[in-house]
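Below is one structure, written out as structure tokens; comments come after it.
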Amino acid sequence: MRLYLGIDGGGTKTAATIITDAKAVVGEGTGGPGNIAVTAEPVLRRSVLEGVGQACAVAGLEIANAHFAGVCAAMAGYSDEEKRLRFFELLKGLVRADRYRIEPDYVAAYWGATLGEPGIVVIAGTGAVAYGRNAEGESYREDGLGYLLGDRGSGFNLGLHALRYTLDRMKEGNIDRLAAAVLEFTGAQSQSEIVRWLYGDFVPTKVAELAPVVGALAEEGDRAARDLVAKMARCLRHSVRQVRHKLWLPRDVPVYMLGGLWNIGSFFRSEFIQPSWPLEEDSDDAASGGRFLIGTPRADAAYGAALLAMETL
């Protein structure tokens with residue numbers, strides 16, 4: 001019986017799944033952070049060993065003796081070519097297999113959610129990306145360019161908008177509920193303290209942690225918070241519509257909402273599925289595209305990576 005290993009490496013967790021030729025799961029495990037662009041190599045090594053080791057133990061294997069027909073690692077930070085090549089060599093030293101494959105994390109997320117059927121995944125967390133595939137096997141990605149160049153509609157993007165909004169309210173001497181919540185979260189009492197909070201020990205995840213604060217106020221009906229949350233939803237809608245257009249996908253193609261940002265509240269999710277909240281800069285085109293058909297993911301990204309490991313044969 002041939003076995004296939006899928007690895008899904010993210011900013012905080014590395015998941016591993018082992019499947020058989022029949023695509024049945026026989027082992028699963030998790031390890032630490034697995035973003036190959038920002039995670040130190042010793043940590044990456046430990047994360048992979050933990051995740052794959054746990055999956056092997058569940059499958060009744062020892063990682064030192066396990067041999068796979070195919071391995072696919074779907075990793076955050078894939079675009080860093082130098083780090084990707086180094087991780088490829090690291091992976092070959094840790095796991096024995098006939099074939100190796102490395103893919104972006106969003107590709108495995110698509111395969112897990114759709115099992116390869118036509119559809120679109122829109123992943124919103126600290127960053128944001130939309131990716132889809134049609135019946136002809138053509139694929140297209142929109143955004144996923146990182147917090148400096150893109151990631152429109154992401155948790156980082158929402159947090160940054162909230163910080164800018166707060167600075168504007170402070171300048172006007174008009175501290176409303178949203179600005180007050182941002183000040184409380186950051187512990188700042190002045191504009192300069194907000195700047196120090198942002199740039200001191202800067203990491204994108206720190207800014208993204210403001211997203212649930214804004215989301216909670218949006219759920220309570222705060223207009224300023226709803227404006228920001230609705231704006232993020234429209235950005236993600238635009239990304240999905242671009243994927244749908246580029247691949248000539250029908251309007252009723254399933255869209256799979258993945259990532260932690262979707263947990264900030266029902267208002268955010270509903271505005272993404274079909275906008276209703278009026279924004280000042282709205283045009284007829286900004287909110288068009290109809291109601292999205294939301295699909296339920298069939299499996300996770302680690303399982304999707306295991307399916308891609310089978311494709312290496």
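The values are calculated or read from the model by the stated rules, or taken from the named source; none is laboratory data. What you see is a predicted model, and the numbers here were worked out from it, not measured in a lab. Positions of Cβ are generated from backbone atoms using ideal geometry, with glycine treated the same way; all protein chains shown enter the neighbour counts. Quick note on the areas: whole protein, heavy atoms, side chains included, nothing else; ligands and nucleic acids left out. Shrake-Rupley method; radii C 1.70, N 1.55, O 1.52, S 1.80 Å.
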**OP:** Note down the magnitude of the dipole of region 22-100 about its Cα centre, charges +1 on Lys and Arg C-beta and -1 on Asp and Glu C-beta and zero elsewhere, to the nearest 20 debye.
**Re:** 100 debye
Subject >> Principal semi-axes in Å for region 197-275 [√(5λ), Cα gyration tensor, largest first] >> reply: 26, 17, 10
**OP:** Springs between alpha-carbon atoms under 10 Å, Gaussian network over the chain: tell me which of D201, D227, D98 tops the mean-square fluctuations.
**Re:** D201
Original post:
So, in nm, how far is label T296 from label A64 when the simple model puts each one 7 Å beyond its Cα toward the Cβ?
Top reply: 4.4 nm
**OP:** With a 10 Å radius around each residue's Cβ, average the other Cβ atoms per peptide and rank 33-40, 299-306, highest first.
**Re:** 299-306, 33-40
Subject >> Residue-count net charge about K246 - beta-carbon cut-off 13 Å; Lys, Arg +1, Asp, Glu -1 >> reply: 0
Original post:
Which of the GluC sites (Glu not before Pro) found in region 103-156 are in a DSSP loop and have at most 16 neighbouring Cβ atoms, other than their own, within 10 Å?
Top reply: E136, E138
Original post:
How much length is gained if the chain between W248 and A216 is pulled fully straight, taking 0.36 nm per residue apart and subtracting their Cα-Cα distance, in nm to one decimal?
Top reply: 7.9 nm
Original post:
Going highest first, how would you order 228-237, 48-57 by mean Cβ packing within 10 Å?
Top reply: 228-237, 48-57
Subject >> Cα-based Kirkwood hydrodynamic radius, region 53-205, one decimal, Å >> reply: 19.0 Å
Subject >> Unit charges at the beta carbon, dipole of the chain: most positive-side option, T126, G27, G260 >> reply: G27
Subject >> Which of Y147, M75, G60, positive extreme of dipole for the chain (C-beta unit charges) >> reply: G60
**OP:** Calculate, for T20 and K92, the FRET efficiency according to 1/(1 + (r/R0)^6) with r their C-beta to C-beta distance and R0 30 Å; round to the nearest 0.05.
**Re:** 0.85
Original post:
Near K206, which lysines are there with a Cα under 21 Å away, not counting those fewer than 8 places off in the same chain?
Top reply: K13, K231
Original post:
So what is the relative contact order of the chain, in percent, for Cα pairs below 8 Å that sit 6 or more residues apart?
Top reply: 22 percent
Subject >> Hull shadow area, averaged, the chain [alpha-carbon convex hull, nm²] >> reply: 16.8 nm²
Subject >> Translational diffusion of region 163-313, µm² s⁻¹ [Kirkwood Rh, Cα pairs; Stokes-Einstein; 37 °C; 0.692 mPa s] >> reply: 185 µm²/s
Subject >> the chain - charge dipole about Cα centre, Lys and Arg +1 at Cβ, Asp and Glu -1, debye rounded to 20 >> reply: 400 debye
Original post:
Given region 68-124 reduced to its alpha-carbon atoms as identical point scatterers, what log10 I(q)/I(0) does the Debye formula return at q = 0.17, 0.18 Å⁻¹?
Top reply: -0.62, -0.68
Subject >> List Y140, Y165, ordered by accessible area with a 1.4 Å probe, largest first >> reply: Y140, Y165
Original post:
By per-residue mean of other Cβ atoms within 10 Å, what is the highest-first order of 210-220, 83-93, 188-198, 149-159?
Top reply: 149-159, 210-220, 83-93, 188-198
Original post:
Once label points are set 7 Å from the Cα along Cα→Cβ at both E280 and E41, what is their separation, rounded to one decimal in nm?
Top reply: 5.2 nm
Original post:
Which value, in debye to the nearest 20, describes the size of the charge dipole of region 233-277 about its Cα centre when Lys and Arg Cβ atoms bear +1, Asp and Glu Cβ atoms bear -1, and nothing else is charged?
Top reply: 160 debye
**OP:** Between beta-carbons, use under 14 Å as the cut-off and find the net charge around G112, counting Lys and Arg +1, Asp and Glu -1.
**Re:** -4
Subject >> Relative contact order (%) - criterion: Cα under 8 Å, at least six apart; region: region 155-313 >> reply: 22 percent
